[in-house]
Amino acid sequence: MKKFVVAVLALSALLSGCVAYETPSYSSRSSYGDRDRDRDGIANRYDRDRDGDGVRNSRDARPDNPYRY
């Protein structure tokens, strides 16, 4: 029994640094709000600056163009 516990603890110690996460899908089937235009980790529907130009969407005349605001 002790060997089993030691083996489980050793295995959990090895796997403790492993992280699994889902990569975003940019296929045509995903809706625009689910994508991340500026790739900052926040989906467009929740991102206050979805083009990443430093101007909030509410103040940005062109919220999808990072070169114009």
- Task: Those residues that are at pLDDT 75 or above and among the hydrophobic types (A, V, I, L, M, F, W, C), I need them from the range 15-43; list them, please.
- Result: Ile42, Ala43
- Note on the structure: Residues of the range 35-55 being more than 17 Å from Glu22 (Cα to Cα), basic (Lys, Arg) and loosely packed, with under 13 Cβ neighbours inside 10 Å, in sequence order, are Arg45, Arg48
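The values are calculated or read from the model by the stated rules, or taken from the named source; none is laboratory data. What you see is a predicted model, and the numbers here were worked out from it, not measured in a lab. Using ideal geometry, Cβ is built from the backbone for each residue, glycine included, and neighbour counts are taken over all protein chains shown.
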